[in-house]
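Each remark here refers to the structure printed beneath this line.
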Amino acid sequence: MLTPAALAARLRPSRRLLNWSAAVVAAYALFGFLAVPQLLRQQGEALAGTASGRTVELGSVQFNPFTLALTLDEVRVLEADGSAPALSVDRVHANFELQSVLRGGPVLHELRVVAPRLQVVRGEDGRYNWSDLFERLGNAPEGGGQARFSLGNIRLSGGEVVFDDRRAGVRHELSEIGLELPFLSNLPVKVDVFVEPA
């Protein structure tokens, strides 16, 4: 039978390993919950703004490093002149899978888009308020191939599209747009589907 001193000596390496493990988990949690949202907000606004040539604003960013769930609130893409939002979304929730790292593209278990509002304007000169973005994308150099992705359990709710045809003097509005898709993918990935097509 081991004496208390011998038992403590035998458990000491295990306790050290447990302390190191707890410290690593705590550091991972702090980095994921506190640092990642700030980095994503700053870099996301900058990268999206550079790519689109527009001002892109993110209200708040939340990230859970244990479930890999990302939530963006109050996403706005402004008009080219910065006067008003051309596209806004109340909330985007994306639940990533670890397979994203292995597959070379985003693999989402769930994607929820709440209250997206798109403003399309045709001016009296016949140009659209999104023409600058389409021209920018059309002039972009060819990428290195097809974008790889897998989106599962896609839900869009409360959508709204406004088409303001100032040339014809007509304004069209579509509201309460909803869409549900089980998956949309070009990667050989299987995710648990709980959304029915609607």
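The values are calculated or read from the model by the stated rules, or taken from the named source; none is laboratory data. Just so it is clear, the model here is predicted, and its values are computed rather than measured. Please note that ligands, DNA and RNA were not included when accessible areas were found on the heavy atoms of the full protein model with its side chains. Shrake-Rupley method; radii C 1.70, N 1.55, O 1.52, S 1.80 Å.
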Subject >> Over the stretch 21-88, relative contact order from alpha-carbon pairs under 8 Å, at least 6 apart, % >> reply: 25
**OP:** Considering only 73, 81, 165, give the residue with the highest GNM mean-square fluctuation for the chain, with springs between Cα atoms whenever their separation is below 10 Å.
**Re:** 81
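Using only the heavy atoms of the protein chains and a 1.4 Å probe, how would 102, 179 rank by accessible area, largest first?
On the way: 102 150, 179 75 Å².
Output order, biggest surface exposure first: 102, 179.
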Subject >> Helix-only [θ]222 nm of the chain, DSSP H runs n ≥ 4, -39500 (n - 2.57) each, per residue, nearest 500 >> reply: -9500 deg cm²/dmol
Original post:
Where does helix 36-52 land angle-wise versus the long Cα axis of the chain, in degrees 0 to 90, nearest 10?
Top reply: 30
**OP:** On each of the three principal axes of the Cα atoms of the stretch 101-179, give max minus min coordinate, whole Å, ordered largest first.
**Re:** 51, 35, 11
Subject >> Gap separating the Cα centres of the stretch 144-198 and the stretch 108-136, nearest whole Å >> reply: 13
**OP:** Show the residues, 5+ positions off or on another chain, whose built amide H is closer than 5 Å to the amide H of residue 79.
**Re:** 84, 86
Subject >> Entry for Kirkwood radius over Cα pairs in Å (calculated from the structure that is shown) out of (i) 20.4; (ii) 18.2; (iii) 19.5 >> reply: (i)
Original post:
Can you list residues whose amide H is under 5 Å from residue 187's amide H, if they're 5+ apart or on another chain and H is modeled 1.01 Å from N?
Top reply: 149
**OP:** Kindly express, to the nearest 10 degrees and within the range 0 to 90, the angle between helix 4-30's C-alpha long axis and the longest C-alpha principal axis of the chain.
**Re:** 10
**OP:** May I ask you to derive the relative contact order of the chain, considering only C-alpha pairs under 8 Å and at least 6 residues apart, and to give it as an integer percent?
**Re:** 13
**OP:** State the antiparallel share, in %, of DSSP beta bridges confined to the chain, rounding to the nearest 5.
**Re:** 75
